[in-house]
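Working notes for the structure below.
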Amino acid sequence: QLRLVESGGGLVQAGGSRRLSCAASGLTFSSYAMGWFRQAPGKEREFVAAISSSGIRRLYVDFVKGRFTISRDNAKNTVYLQMNNLKPEDTAVYYCNAVDFLTGSSLLGSWGQGTQVTVSS
């Protein structure tokens, strides 16, 4: 059964850092590009970053570029999101999913519970 388990969120002061993890099971992890998404209260889920199946190529949206780094460890079926210089507007529930690397669109119909990141001023 497909399972996506996000972890690593928490409360952090503005300017601080957090490292999120997403452990995937029930799929051939190394065959998929992976991505991170986030959803703030009352807003739609938005794409944040993606990494190709090999880990060679990475994409970021402008609002996180230069602050966030996506990486993966295929041996551990895990994708990471290193978040630096966090801002209050980064506050959201963060989710991972397999993605089409070219479009950033999620490929799997199910989502994990996500992990809450709260950035205080």
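So here's what we get for this one:
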| quantity | calculated |
| --- | --- |
| Test result for GLY35, loosely packed, with under 12 Cβ neighbours inside 10 Å and of a type in the set (Gly, Ala, Ser) | no |
| Given (1) part of a loop (DSSP other than H, G, I, E, B); (2) open to solvent by 50 Å² or more (accessible area, probe 1.4 Å), index of the condition SER30 fails | (1) |
| Some residue of the stretch 58-73 being over 10 Å from the mean Cα position of the chain (by Cα), hydroxyl-bearing (Ser, Thr, Tyr) and either within 18 Å of VAL119 (Cβ to Cβ) or not in a loop (DSSP other than H, G, I, E, B) (or both) | yes |
| Options GLU6, GLU44: the member that is out of contact with any Asp or Glu (no Cβ under 8 Å at 6 or more places or on another chain) and farther than 14 Å from ALA98 by Cα | GLU44 |
| Odd one out for GLY26, checked against (1) under 14 Å from the mean Cα position of the chain (by Cα); (2) under 19 Å from LEU2 (Cα atoms) | (1) |
| Per-region count, the stretch 91-121, residues among the small types (Gly, Ala, Ser), buried (at least 16 other Cβ atoms within 10 Å of the Cβ) and touching a residue at least 60 places away in the same chain (Cβ under 8 Å) | 5 |
| Qualifying positions in the stretch 13-49 - out of contact with any helix residue (DSSP H, G or I) (no Cβ under 9 Å at 6 or more places or on another chain), among the hydrophobic types (A, V, I, L, M, F, W, C) and at pLDDT 95 or above | LEU20, CYS22, ALA24, ALA33, MET34, TRP36, PHE37, PHE47, VAL48, ALA49 |
| Members of the stretch 15-26 found to be part of a loop (DSSP other than H, G, I, E, B) and open to solvent by less than 30 Å² (accessible area, probe 1.4 Å), listed by number | GLY16 |
| Some residue of the stretch 75-83 being of a type in the set (A, V, I, L, M, F, W, C) and without any contact (Cβ under 8 Å) to a residue 12 or more places away in the chain | yes |
| Failed item, numbered, when LYS76 is tested on (1) within 22 Å of LEU102 (Cα to Cα); (2) open to solvent by 50 Å² or more (accessible area, probe 1.4 Å) | (1) |
| Restricting the stretch 38-57 to residues that are surrounded by fewer than 18 Cβ atoms within 10 Å (Cβ to Cβ) and among the basic types (Lys, Arg), the residue that is farthest from the chain's Cα centre (by Cα) | LYS43 |
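The values are calculated or read from the model by the stated rules, or taken from the named source; none is laboratory data. If you're wondering where the values come from, they're calculated on a predicted model, not measured in any experiment. As a convention, Cβ positions derive from the backbone with ideal geometry for all residues, glycine included, and neighbour counts pool all protein chains shown. SASA here: full protein model, heavy atoms, side chains in, ligands and nucleic acids out. Shrake-Rupley method; radii C 1.70, N 1.55, O 1.52, S 1.80 Å.
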